[in-house]
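Asker: Okay, here's the structure, questions in a sec.
The values are calculated or read from the model by the stated rules, or taken from the named source; none is laboratory data. If you're wondering where the values come from, they're calculated on a predicted model, not measured in any experiment. Neighbour counts are summed over all protein chains in view; Cβ atoms, including those assigned to glycine, are modelled from backbone coordinates with ideal geometry. Note: areas computed on protein heavy atoms with side chains; ligands, DNA, RNA excluded. Shrake-Rupley method; radii C 1.70, N 1.55, O 1.52, S 1.80 Å.
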Amino acid sequence: MDHFDYRDGELYAEDLPVQEIASAVGTPFYCYSSATLIRHYKAFSDAMSGLDAKIYYAVKANSNVALVRLLAKQGAGADIVSGGELAIAQAAGVAPDNVVFSGVGKKREEMRAGLDAGIGQFNVESEAELEALSEVASGMGATAHIGIRLNPDVDAKTHAKITTGKAENKFGVSWPRARELYARAAELPGIKIKAVAVHIGSQITTLEPYELAYRRLLEMVDVLEQDGHDIGTLDLGGGLGIPYGAETPPTPAEYGEVVRRVFGKTNKKLGFEPGRVIVGNAGIVVSSLVYNKQSEDRRFVIIDAAMNDLIRPTLYDAKHDLVPVRLTNGPHSNADVVGPICESGDTFARNCELPELGEGELIAIRSAGAYGAVMASTYNARPMAPEVLVHGNSFSVIRKRKTIEDLIADDTIPDWLK
Ligand SMILES: *Cc1c(COP(=O)(O)O)cnc(C)c1O
């Protein structure tokens, strides 16, 4: 459920007509609903009620400081994957203790920044990283509290580019090497073992892969405890899918039932790292129709949003719902909705049923809150679109539109070319 609904045939974001925001900020833009964000966060935390659970919002899904702030105020911690995201979590006011640092390629300066900030947990993904973290931490006289991310070799049954828990993926430490790595961690200076972590992928739409991975995890924790390690926390990752169109992913409550079934009898602290399920359906991209174009056998609707604003359709073959901001009773037909970028991949939908719309009319791309703005680029010299956050009947620009002057100012002509 989200708060983008029609009233009298017009799309609203909460209590604000989307058209009104478009008139104020121009198109394209990202539009987020704070009530939806809070609702989704609450649905997830309610699903874990009664468990000793902590939710670390996966900042990479949408790292706007205002959004991270909003979620931090609901009680969320932050799951980060770079020094940049650490700075964002700090700017958003996330308590350092509520930060988990994930990622396969943390550089030493990023580790140092995390230790300086006093973050709660590093999720280590390789032996080399473990050695580096020990070196950095002991050099600073600090202690890194760690989990080791294990790769349970489970097929999350999602798109190949976002499955992360199979043996062939770059993530985590392979199951057979887990004991050896924990043993090494136990003897390294500057390292304190705290957790075991798994994260098997993203946009997961069935519960079986979770249950499989979590049962394997529990068996491993037994083994590690027999080896003498003190595992207080199980970090269960993120990845719960959302409905983009026809998908029917499990609800957070149903996911919570699996968690209860597997971990109900353990006395461990549980950590969760949801990203998409919190923000995905809390955002839309609003665009204007630039041209209608009819070829022999195809209707094209060319809009002013493009793959640089939302790369998911071309990167993940994702199908986002496209809807007119103003409903009409006029004739509908199927159209290919495309952006202006010079790539055939710059296509948002094929054979999408839309009413006949005129130039300048607004089309909203739904479910664009996660992995939208954060993956934007300036390809085709398109300055980054602004982000707005709606709160009841008002909105705030939480990232302003970049200008072409901003882009050009970043480039330098060398002296010898002047
Ligand atoms: C990306 C990521 C997440 C969040 O994934 P979602 O599908 O957005 O929930 C959580 N944990 C880790 C380690 C990640 O890399």
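Asker: Could you check, for the range 46-55, whether at least one of its residues is within 16 Å of the chain's Cα centre (by Cα), surrounded by fewer than 24 Cβ atoms within 10 Å (Cβ to Cβ), closer than 27 Å to Ile119 by Cβ and among the hydroxyl-bearing types (Ser, Thr, Tyr)?
Answerer: No, the conditions are met nowhere in the range 46-55.
Asker: Looking at the range 166-180, which of its residues are crowded, with 18+ Cβ neighbours inside 10 Å and either at negative phi or away from the ligand (no atom under 16 Å from the Cβ) (or both)? Outline the logic, then answer.
Answerer: Of all residues in the range 166-180, those crowded, with 18+ Cβ neighbours inside 10 Å come to 171-173, 178.
Within the range 166-180, Phe171, Val173, Ala178 meet the criteria.
Asker: Further, regarding this structure: What is the one condition in (1) more than 16 Å from the ligand (Cβ to nearest atom); (2) modelled with pLDDT of 95 or more that Val259 does not satisfy?
Answerer: Of the numbered conditions (1) more than 16 Å from the ligand (Cβ to nearest atom); (2) modelled with pLDDT of 95 or more, the odd one out for Val259 is (1).
Asker: Please verify whether the range 232-252 includes one or more residues that are under 23 Å from Val68 (Cβ atoms), in a helix (DSSP H, G or I) and within 12 Å of the ligand (Cβ to nearest atom).
Answerer: yes
Asker: Here is a follow-up. Only one of Ile284, Ile302 is in a strand (DSSP E or B), open to solvent by 20 Å² or more (accessible area, probe 1.4 Å) and of a type in the set (A, V, I, L, M, F, W, C); which?
Answerer: Working: Ile284 fails: open to solvent by 20 Å² or more (accessible area, probe 1.4 Å).
Exactly one of Ile284, Ile302 is in a strand (DSSP E or B), open to solvent by 20 Å² or more (accessible area, probe 1.4 Å) and of a type in the set (A, V, I, L, M, F, W, C), namely Ile302.
Asker: Would you mention how many residues in the range 376-418 are surrounded by 17 or more Cβ atoms within 10 Å (Cβ to Cβ) and over 22 Å from the mean Cα position of the chain (by Cα)?
Answerer: So the answer is 2.
Asker: Tell me yes or no: at least one residue of the range 201-218 is open to solvent by 60 Å² or more (accessible area, probe 1.4 Å), part of a helix (DSSP H, G or I), of a type in the set (D, E, K, R) and out of contact with any helix residue (DSSP H, G or I) (no Cβ under 7 Å at 6 or more places or on another chain).
Answerer: Kept after step one, since they are open to solvent by 60 Å² or more (accessible area, probe 1.4 Å), are these residues of the range 201-218: 208, 212, 215-216.
Applying the additional criterion that residues be part of a helix (DSSP H, G or I) yields 208, 212, 215-216.
Going one step further and asking which of them are of a type in the set (D, E, K, R), we end up with 208, 215-216.
If we keep only those that are out of contact with any helix residue (DSSP H, G or I) (no Cβ under 7 Å at 6 or more places or on another chain) too, we end up with 208, 216.
Yes.
Asker: Answer yes or no: is there a residue in the range 127-146 that is hydroxyl-bearing (Ser, Thr, Tyr) and within 16 Å of the ligand (Cβ to nearest atom).
Answerer: Taking the range 127-146 as the starting set, the residues that turn out to be hydroxyl-bearing (Ser, Thr, Tyr) are 134, 138, 143.
Filter once more, keeping what is within 16 Å of the ligand (Cβ to nearest atom): none.
The answer is no; no qualifying residue exists.
Residue by residue, here is whether (1) over 22 Å from Ala373 (Cβ atoms); (2) open to solvent by less than 20 Å² (accessible area, probe 1.4 Å); (3) aromatic (Phe, Trp, Tyr) holds:
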{"position": "Tyr30", "(1), (2), (3)": "no, yes, yes"}
{"position": "Leu71", "(1), (2), (3)": "no, yes, no"}
{"position": "Asp79", "(1), (2), (3)": "no, yes, no"}
{"position": "Gly114", "(1), (2), (3)": "yes, yes, no"}
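Asker: Among the residues of the range 262-281, write down those that are assigned to a strand (DSSP E or B) and over 30 Å from Ser396 (Cα atoms). Steps first, answer last, please.
Answerer: In the first step, residues of the range 262-281 are kept if they are assigned to a strand (DSSP E or B); the result is 269-272.
Correct list: Lys269, Leu270, Gly271.
Asker: Hey, can you tell me all the residues within the range 263-281 that are open to solvent by 10 Å² or more (accessible area, probe 1.4 Å) and either hydroxyl-bearing (Ser, Thr, Tyr) or farther than 16 Å from Arg39 by Cα (or both)?
Answerer: Correct list: Gly264, Lys265, Thr266, Asn267, Lys268, Lys269, Glu273.
Asker: Here's another thing I want to ask about it. Does Thr163 satisfy being within 13 Å of the ligand (Cβ to nearest atom), open to solvent by less than 50 Å² (accessible area, probe 1.4 Å), in contact with a Gly (Cβ under 7 Å, 6 or more places away or on another chain) and at pLDDT below 95? Write out each step before concluding.
Answerer: Working: within 13 Å of the ligand (Cβ to nearest atom): yes; open to solvent by less than 50 Å² (accessible area, probe 1.4 Å): yes; in contact with a Gly (Cβ under 7 Å, 6 or more places away or on another chain): yes; at pLDDT below 95: yes.
In short, yes.
Asker: Further question: Collect the residues in the range 148-187 that are of a type outside the set (Phe, Trp, Tyr), part of a loop (DSSP other than H, G, I, E, B) and touching a residue at least 24 places away in the same chain (Cβ under 8 Å), keeping them in residue-number order.
Answerer: So the first thing to find is which residues in the range 148-187 are of a type outside the set (Phe, Trp, Tyr), and the list is 148-170, 172-174, 176-181, 183-187.
Retained after the next criterion (residues that are part of a loop (DSSP other than H, G, I, E, B)): 152-159, 164-170, 172.
Within the range 148-187, Pro152, Val154, Asp155, Ala156, Lys157, Thr158, His159, Thr164, Gly165, Lys170, Gly172 qualify.
Conditions tested, residue by residue: (1) assigned to a loop (DSSP other than H, G, I, E, B); (2) at pLDDT below 95; (3) among the hydrophobic types (A, V, I, L, M, F, W, C).
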site	(1), (2), (3)
Asp5	no, no, no
Ala24	no, no, yes
Ser45	no, no, no
Gly50	yes, yes, no
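Asker: May I ask you to list the residues in the range 324-375 that are among the acidic types (Asp, Glu) and open to solvent by 10 Å² or more (accessible area, probe 1.4 Å)?
Answerer: At the first step, the residues of the range 324-375 found to be among the acidic types (Asp, Glu) are 336, 343, 346, 353, 356, 359, 361.
Selection gives Glu343, Glu353, Glu356, Glu359, Glu361.
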